[in-house]
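First the structure, in the form of structure tokens, and then the observations on it.
A short reminder: the numbers here are calculations on the coordinates, not readings from a lab. For clarity, every value in this text was computed on a predicted model and none was experimentally measured. As a convention, Cβ positions derive from the backbone with ideal geometry for all residues, glycine included, and neighbour counts pool all protein chains shown.
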Amino acid sequence: MRDDTAKRLSLFLLILILFGFFFGVIRVFTLRFQTGDIYPPYSSFRSDPLGCRGLYDALIHTGAVDVRRNVTPLHRLAPQTDITVFVPGVNAADMSQSVPQSWFDAVDTLVKSGARLVIGYAPSRFEASPEKNDIRTPVKPSEKKAPVKKAKNTTEKPTDKKGKHPEPETAPDTPDDEPYPVKRVDLYKAWGFAHDFAEKAEGTARPAANALKTLKLHDQTWHSSGFFTGLAKAWKPVYTVNGRVVLMERPLGRGSLVMASDSFFMSNEALKNEPNPILLAYLAGKSRTILFDESHFGIRTEPGITGLVRHFGLQGFAASVALFCLLYLWKNSGSFIPPRDEEEVPGVSARDQISGLAGLYEKNIRDKDLLTVCVAEWEKTAAAGRYTSKDSGDIRNALRALAAGNDGAPPDPVSGFRDIKRRLSEKEFL
């Protein structure tokens, strides 16, 4: 009894501890997701000063536009019109690298079909860096060091029969880590601009002359030293810092492309301290759908069991299955029926009918009465129809005398039963 109570108490404490642990883990993740600091800066999931959750929620509360997040790769968006795609917090080093032709074609088609693409760089400052690929400290392209040429290999290259060196199987500009040649596109050349850094870290962005007249923009604090140069004729400056273009727009097909060297004005901190609703309304344009891209941060949907459960609304079913498993484990860990207070009879098991019958006989029939009960039961069953009335009477009297024993002392039940069985089989009573 005490052992079963201890098992139940231990199981209850284990379930309570597991419940508290999972509740604590869920609570921690809930708090982290509420602030959003697990996401990169300028993500619309972040509600702290570095995020863009404020702009996302503000556009929703207007009720005039449909605001959504994009967690699929940008180049997989279907071409559509009347949509503005915000891509804030882009790393300048990533934009300077070439992209696959397929990616560029998809994004270029999206814009030319009528979409408005707004790309904002993450704030960055000019700082000379000895490391070649340090994206945290961008280096001016004009000050980049020439690549060091590798020493020639002293071993002879294989030649063909004519004595000429064979051509490589892949294109010379194909990276070594790509097994197959992939055609790539330089975004700066394709869209007609370049990006550079000024030595002065911050400044005040002032509206360009044409933008000041048509858009009525006002000055904006700029937190990045980056600026755009080498602009094609299609680009129209919108903001400049010390005469350098930091925000510009160009038409592209039926859509438009907006480039900004800073994304701070879209952050929650900027909306609180120095809001610029005219600039944000200009960036949003006249589209009825606003899309905040999260895929460039690496936030993408991945197919899986949990994703399918959320997609089809099977949370209740999953919770029911988990509860059923817990009840099954609890049921098999202990019996719901309290055990008897009596001590178990040693040597007797109730696992089958024979052992159960033996236990029942042992509890209700005394040893000295066992042969007498056996003879009485034989008289009711085995003797009927097998012997004549005279023979049956003689057998009954003989069995009764044998069961009573000699001199009134009952015989041993086992030896007496064996003796009766032997005599009946040999018919010694007849």
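How would you rank Tyr121, Tyr39, going from fewest to most other Cβ atoms within 10 Å of each one's own Cβ? It would help to have the intermediate numbers written out before the result.
Numbers: Tyr121 25, Tyr39 22.
So the residues, fewest neighbours to most, are Tyr39, Tyr121.
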Exercise for the section: Kindly put Thr221, Thr62 in sequence by how many other C-beta atoms sit within 10 Å of each C-beta, fewest to most. Expected result: Thr62, Thr221
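Determine, from the Cβ-Cβ distance of Thr81 and Lys213 and an R0 of 30 Å, the FRET efficiency 1/(1 + (r/R0)^6), rounded to the nearest 0.05.
On the way: r = 28 Å, r/R0 = 0.93.
Taking R0 as 30 Å, the efficiency between Thr81 and Lys213 is 0.60.
Given the C-alpha atoms of segment 42-128, compute the convex hull and give its volume per residue in Å³.
Numbers: hull volume 9.8 nm³, N = 87.
That works out to 113 Å³ per residue.
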Practice task
Could you please rank Trp103, Trp235, placing first whichever residue has the fewest other Cβ atoms within 10 Å of its Cβ?
Solution key: Trp103, Trp235
Exercise for the section: Please list 370-378, 12-20 highest first by mean number of surrounding beta-carbon atoms within 10 Å per residue. Expected result: 370-378, 12-20
Handout entry: Other-chain or far-sequence residues with amide H under 5 Å of Asn91's (modelled H)
Key = Ala122
Completion exercise
Any residue on another chain or 5+ positions along whose placed amide H is under 5 Å from the amide H of Gly203 is listed here as Trp222, Ser224
Handout entry: Extended-chain gain in nm, criterion 0.36 nm per residue less alpha-carbon gap, Asp105 and Val414
Key = 101.3 nm
